[in-house]
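Data block below; observations after.
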Amino acid sequence: SYTLFFREDKPEQEGQPILINIFYTTRGIMTKLPHPKQGYNEMWRRTAYDSLESLAMFFENPRTHSGKGYRQAKNALSGCAQCGMQKKKKDYTPAQWRKGAGKCICKDCSSGGSNEDSGANGEGQVPTLTLEALEQHNRLTIKNENKTLERRQFNCPVCPKEGRGKQCFFKRVPQMKPICKCPKCKKIKQDDCERLYPIPKGEEKGYGHYRCTGCKSTWGSSRSIANVGQECHSCNLAGKPNVFIKPFRVEVYKSGHKGGIAGGGARPAGRRMRRVPKEPISEDSTTDGAYSSFDAQRFQSKG
């Protein structure tokens with residue numbers, strides 16, 4: 001942890017001890033103590049001390065006024081690395097605020113610096129590349145990528161090896177970066193699973209849905225390929241042969257759970273069809289069947 005916690009052993013008011021948290025990586029301090037007007041509350045200070053002597057002042061008097069305290073995050077103060085003024089969090093961009101005190105630059109200084117650089121060049125047309133401009137570019141790029149999503153098919157090679165069966169699925173991914181992770185592997189391994197690349201366009205296989213543009217007939221096929229068409233039988237019967245239609249949508253083919261012909265899939269092993277007679281014949285029963293005159297005549301004629 002990057003925080004040191006201190007607690008008062010013998011508080012003056014029962015149940016309200018003085019708490020001091022030292023964030024020594026960012027030189028921040030949080031003090032919690034009873035206030036005469038606002039009650040028992042917290043006070044946060046960003047870059048509150050510069051040396052051990054200034055830190056010792058807060059242990060001697062936790063109510064020391066440093067001019068940097070705030071109770072809400074929006075009122076947090078930080079010094080600008082260029083102008084040196086203490087400004088609130090709203091005066092910095094999120095990227096600059098994360099840099100910390102002594103390194104962050106306020107919005108006024110960053111915008112003023114870019115104008116000075118453009119004026120020094122004498123052109124004023126090419127803006128200076130800043131971190132804020134780069135972040136804005138990344139945000140717009142990601143936003144545009146999310147708008148251009150496409151549906152792609154993926155096949156996980158790890159699931160069959162680890163006994164989870166075949167895993168083939170469709171997912172909408174950004175067009176510029178069609179990469180995703182297997183949902184089954186991600187559920188078991190959390191984030192420790194490999195990235196999958198999509199099957200090439202036109203080679204997706206599964207259950208295809210077809211709609212003829214001429215006769216408007218529809219049909220489905222469990223052996224369809226995205227870029228291979230099937231002949232329309234309605235047009236063929238109507239005297240228009242060789243009318244091939246490509247599927248407008250391909251889905252993952254899933255066999256039925258019931259098994260057999262009714263379920264739509266293969267019959268499970270060990271469950272064959274049995275043909276049992278309605279009235280079985282017992283061993284002791286006899287039949288009264290006899291040959292007729294017609295049978296005797298057929299035997300004599302040998303045919």
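The values are calculated or read from the model by the stated rules, or taken from the named source; none is laboratory data. Note that this is a predicted model, so its numbers are computed, not measured. As a convention, Cβ positions derive from the backbone with ideal geometry for all residues, glycine included, and neighbour counts pool all protein chains shown. For accessibility, only protein heavy atoms count, side chains too; no ligands or nucleic acids. Shrake-Rupley method; radii C 1.70, N 1.55, O 1.52, S 1.80 Å.
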So residue 103, is it out of contact with any Phe, Trp or Tyr (no Cβ under 7 Å at 6 or more places or on another chain), at pLDDT below 75 and under 29 Å from residue 139 (Cβ atoms): no
Of the residues in the range 24-44, those that are under 37 Å from the mean Cα position of the chain (by Cα), without any contact (Cβ under 8 Å) to a residue 60 or more places away in the chain and over 17 Å from residue 64 (Cβ atoms) come to 24, 25
Just to be sure, is residue 223 at pLDDT 90 or above, touching a strand residue (DSSP E or B) at 6+ places or on another chain (Cβ under 9 Å), of a type in the set (Lys, Arg) and open to solvent by 50 Å² or more (accessible area, probe 1.4 Å)? no
Could we say that residue 218 is open to solvent by 100 Å² or more (accessible area, probe 1.4 Å), under 19 Å from residue 248 (Cβ atoms) and of a type outside the set (Lys, Arg) here? no
Search result, residues across the range 162-182 that are under 18 Å from residue 206 (Cβ atoms), under 12 Å from the mean Cα position of the chain (by Cα) and surrounded by 14 or more Cβ atoms within 10 Å (Cβ to Cβ): 171, 173, 180, 182
Name the pairs: first residue in the range 192-220 and under 30 Å from residue 238 (Cα atoms), second residue of a type in the set (Lys, Arg), Cβ to Cβ under 8 Å, at least 6 apart or on different chains? 205/223; 208/249; 209/249; 210/246; 214/240; 217/211; 218/211
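How about the range 189-211: which of its residues are buried (at least 17 other Cβ atoms within 10 Å of the Cβ) and not small (Gly, Ala, Ser)?
Matches in the range 189-211: 193, 196, 198, 204, 205, 210.
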Out of the residues in the range 226-264 meeting the condition of being of a type in the set (Lys, Arg), at pLDDT 80 or above and assigned to a loop (DSSP other than H, G, I, E, B), tell me which one is surrounded by the most Cβ atoms within 10 Å (Cβ to Cβ). 246
